[in-house]
Amino acid sequence: IIMRKKLFETVTDCLKTLTDSETGKKVVKHIDLWQTSITESGNEASFPTPAVFIEFLPATWKTLCGNKQTCEVQLRLHIIEYTAENDTQVVLHGFELADRIASLLTEWQLENRSRFLRTESLTNHESEKVKDCMETFKLTI
């Protein structure tokens with residue numbers, strides 16, 4: 001569906017605007033679609049971190065009069081960082097980055113004037129090396 005492509009491009013454009021206030025460098029080093037193998041691998045990342053992966057959750061469609069449809073889209077951002085050991089500072093940095101991304105994304109307005117709403121925050125504690133902070137958003141289009 002073109003809708004998902006457009007949302008991916010919109011979120012990517014938004015994330016690319018996030019910069020470090022001191023250096024002016026982009027904060028997010030890699031953006032891509034989510035794959036479960038990313039956190040299952042015990043190896044080092046094959047991409048620079050911090051990275052953000054976009055996961056599309058099931059969309060709920062409603063049909064209105066005249067066969068028009070609206071859709072509630074949910075997407076989850078996986079904010080990934082790798083560390084050689086169980087480093088609390090890396091996890092805390094991931095929390096801070098997740099909040100910055102959520103603030104930026106919820107202020108972003110789409111062409112149809114819709115805005116993202118954050119609905120859930122999760123942390124994956126299953127891996128020592130992979131730090132995965134997840135932020136879930138919904139949007140009605």
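Counting only alpha carbon atoms, the long axis of helix 88-107 and the longest principal axis of the chain meet at about 20°.
These residues, PHE53, PHE47, go from largest to smallest accessible area, 1.4 Å probe, as PHE47, PHE53. According to the Cα gyration tensor, what semi-axes, each the square root of 5 times an eigenvalue, does the equivalent ellipsoid of the chain have, listed from largest to smallest in whole Å? They are 29, 17, 13 Å, listed from largest to smallest. Of the residues GLN69, GLN109, GLN89, the one that moves most in a GNM of the chain with alpha-carbon contacts below 10 Å is GLN69. For helix 2-16, what angle does its Cα long axis make with the longest principal axis of the chain, in degrees from 0 to 90 and rounded to 10? Its long axis makes an angle of about 40 degrees. Per residue, the chain exposes an accessible area of 61 Å² to a 1.4 Å probe, with every protein chain left in place. Label-to-label distance, LEU104 versus LEU33, with points set 7 angstrom from Cα along the beta-carbon direction: 2.3 nm.
What a 1.4 Å probe finds exposed on the chain is 47% carbon and sulfur by accessible area, rounded to a whole percent.
So for the chain: antiparallel DSSP bridges make up what percent, rounded to the nearest 5? Here the antiparallel bridges make up roughly 90 percent for the chain. Label point of SER127 set 7 angstrom out along Cα-Cβ; within region 62-82, amide nitrogens under 16 Å from it belong to 77-82. Take the Cα of THR88, step 7 Å toward its Cβ, do the same at PHE47, and the gap between the two points is 3.0 nm.
Mean-square fluctuations from a GNM of the chain, with a 10 angstrom spring cutoff on Cα atoms, peak among THR23, THR12, THR106 at THR23. The modelled label-to-label distance for the pair LEU57/CYS71, using points 7 Å beyond Cα in the direction of Cβ, is 1.6 nm. Comparing ILE79, ILE54, ILE38 in a Gaussian network model of the chain, where Cα atoms under 10 Å apart are tied by springs, the biggest mean-square fluctuation is seen for ILE38.
The values are calculated or read from the model by the stated rules, or taken from the named source; none is laboratory data. No experiment lies behind these values; they were computed from the predicted model shown. Cβ sites come from the backbone with ideal geometry, for glycine too, and all protein chains shown count toward neighbours. When the accessible area is computed, the model is the full protein with side chains, heavy atoms only, and any ligands, DNA or RNA have been set aside. Shrake-Rupley method; radii C 1.70, N 1.55, O 1.52, S 1.80 Å.
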